[in-house]
Amino acid sequence: MEIATLHQYFLASTGITTDTRNINKDNFYVALKGTNFNGNSFTKKAFELGAKYVLIDEQEYKINEQCLLVDNCLAALQELAKFHRNYLTKIKIIGLTGSNGKTTTKELIHAVLSQKYKTKATKGNLNNHIGVPLTLLSFDKSTEIGIVEMGANHQKEIEFLSSIAQPDYGYITNFGKAHLEGFGGVQGVIKGKSELYDYIEFHKKIAIINLEDPIQETKKNLFNTYTFGINKEAANVNIEKVIADPMVKISFENTTINSHLIGLYNANNINAAVAIGKLLNVSNDKIKAGVEGYIPENNRSQLLTKKDYEIILDAYNANPSSMQAALTNFFQLEQAPKTAILGDMFELGSESTSEHTNLVQFCQNQPHITFHFIGSEFYKSKIEAPNMCFYEKFETFSEAITHKPLEKGLLLIKGSRGMSLERTLDIL
């Protein structure tokens, strides 16, 4: 089936989904396959739930004329998204990737730009080879700016996603120690994430460059750029002051923004949103309103209070770079006593043991903070220290603090998503 024809069927529907649990009336259902499921087998159910069209790639499941047969549903979904992106001739797309802070930065940019434009952005973390097409297909003729988050854990993924999204503007939050196993080390991360800037350069679009990042700073003269930095008078946007106590406050152009985000590591996320707002002619007052109106959720840099604990909950994800940044900020906070609850960092491959050991050593010079390290990787790096406790499993940690509750005061909770450290809140 021609993509142009398929696109007409899509336009005649009320939206697209790959999950029958999310079908609304007259939706377009795409039957994807996975290791343990075959979306084609849900064809009949999809129609029963209200789907108008069902995209399939196995002839045996074609039960009526509303079943649209293609060779491969995933490839068709991706081509459909690319076609739709070109169909939306007036939309401007911002492509966003990086090792840390993608989702927070995306939400901040969305909060700022929606003060002036009809803006849509990636929902949640739908940022892969399926999520990016679904994001693009959620945009319509009324959407003025689309913000597309792109995630990757291997080379060439950002290149592929950029070819679908075709961004007019590109921003990389940072190059950190994330997905080292898939990228093949830090240099692989830099190369893989830079595929976004490669697209920007080749197509003569605009790259947003953070001059605080030494890797990005080297790229500032390579192509058409818009720069920002802290006390960088040569930057397009000069952020004059940044403090975190513990919420981040920034100042620029006689404008002060009081955010709801914790830690200096979030300052660049805010600064990027400010810079992109300026680039797209949003007034300073509206930039301020957008950032100050954003309140983090989903276990990302949240400041919570429970009983006698003040809690920094940052348990959505973790890698060596983000973990060290969160701890550096935590060490600088003046509240006492302080306790850090840290969970294993995933997808580090052969570097896992050394990176967990490095983090334990990083914490050794903080004798006035109590550390609880949870997970099999941290347990391999166990050392004897009066302020450091190691647990191979969360259940062991849970049992320990049930018998001996944590000291009242300031807590930092951070670990990879698979550790689900937000469970700590239930046992305090």
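Summary table below
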| item | result |
| --- | --- |
| Interchain or long-range residues, amide H under 5 Å from I93's placed H | G146, D168, Y169 |
| Per-selection Rg to Rh, the range 51-109 - Cα, Kirkwood hydrodynamic radius | 1.17 |
| Percent breakdown of C-alpha pair distances by 5 Å bin, ordered from the shortest bin, for the range 349-393 | 6, 25, 34, 24, 10, 3, 0 |
| Peptides ranked, highest mean first, by Cβ atoms within 10 Å: ranges 103-115, 31-43 | 103-115, 31-43 |
| Residue (of M345, I374, L108) at the positive-pole extreme of the chain, dipole from beta-carbon charges | L108 |
| Two-site FRET efficiency, E334 against K404, from Cβ-Cβ distance with R₀ of 22 Å, rounded to 0.05 | 0.30 |
| Reciprocal mean inverse distance between Cα atoms of the chain - Kirkwood radius, Å | 23.2 Å |
| Pair S283, I130: separation of 7 Å Cα→Cβ label points (nm) | 4.4 nm |
| The range 308-360 and the range 103-151: distance between their alpha carbon centers, rounded to Å | 29 Å |
| Relative packing of 407-414, 331-338, 49-56, which averages over residues the other C-beta atoms within 10 Å, highest first | 49-56, 407-414, 331-338 |
| Quotient of Cα Rg and 2.2 N^0.38 Å for the range 302-427, N being how many residues it contains | 0.96 |
| Amide H contacts of L412 (H built 1.01 Å from N, under 5 Å, at least 5 apart or other chain) | I312, T339, A340, I341 |
| Distance between modelled label sites at D426 and D245, nm, 7 Å Cα→Cβ extension | 3.8 nm |
| D_trans [Stokes-Einstein, Kirkwood Rh over alpha-carbon pairs] for the range 3-71, 10 °C, 1.306 mPa s, µm² s⁻¹ | 135 µm²/s |
| Per-residue [θ]222 nm for the chain (sum of -39500 (n - 2.57) over DSSP H runs n ≥ 4, rounded to 500) | -9500 deg cm²/dmol |
| Per-residue HN-Hα couplings for the range 193-199 [Karplus 6.51, -1.76, 1.60; θ = phi - 60°; Hz; x = Gly/Pro] | 5, 5, 4, 5, 5, 4, 4 |
| Calculated from backbone phi, Karplus (6.51, -1.76, 1.60) coupling profile of the range 257-264 in Hz, x at Gly/Pro | 10, 9, 8, 9, 9, 9, x, 4 |
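Only the coordinates and a few stated rules stand behind these numbers; no lab work does. Owing to the predicted nature of the structure, the values given are computational and were not obtained by experimental measurement. For neighbour counting, all protein chains shown are included, and Cβ atoms are generated from backbone atoms with ideal geometry for every residue, glycine included.
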